[in-house]
1. Starting from the stretch 41-57, take each residue that is surrounded by 10 or more Cβ atoms within 10 Å (Cβ to Cβ) and list its partners that are part of a helix (DSSP H, G or I), counting only C-beta distances under 7 angstrom and pairs at least six apart or across chains.
2. Between P14, P47, which is modelled with pLDDT of 85 or more and either of a type in the set (F, W, Y) or in a loop (DSSP other than H, G, I, E, B) (or both)?
Amino acid sequence: MGEAKRRRELGLPPKAKKEKKTRTNESQFSWSQFSINKLKSQYPAAPFVTTALFLLVLQLGFSLNS
């Protein structure tokens, strides 16, 4: 027995439909023309490259101090 039929038999009103929240502006930051989802889909290796560059700069910084 479906829920709609059961609700009708019990005299309950139909279930209200949930409205999806839509964002008018997809970009995360108002000053940026890129959205996070767009960056993730266009550059899937970006987090790995950024992490590698950060670790390289960190390593160079420590090697210059010693």
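1. Listed by first residue and then by second, the contacts come to A46/L39.
2. Values: P47 fails: either of a type in the set (F, W, Y) or in a loop (DSSP other than H, G, I, E, B) (or both).
The conditions single out P14.
The values are calculated or read from the model by the stated rules, or taken from the named source; none is laboratory data. What you are looking at is a predicted structure, and each value in this text was computed from that prediction instead of being measured. Positions of Cβ are backbone-derived with ideal geometry, glycine not excepted, and every protein chain shown enters the neighbour counts.
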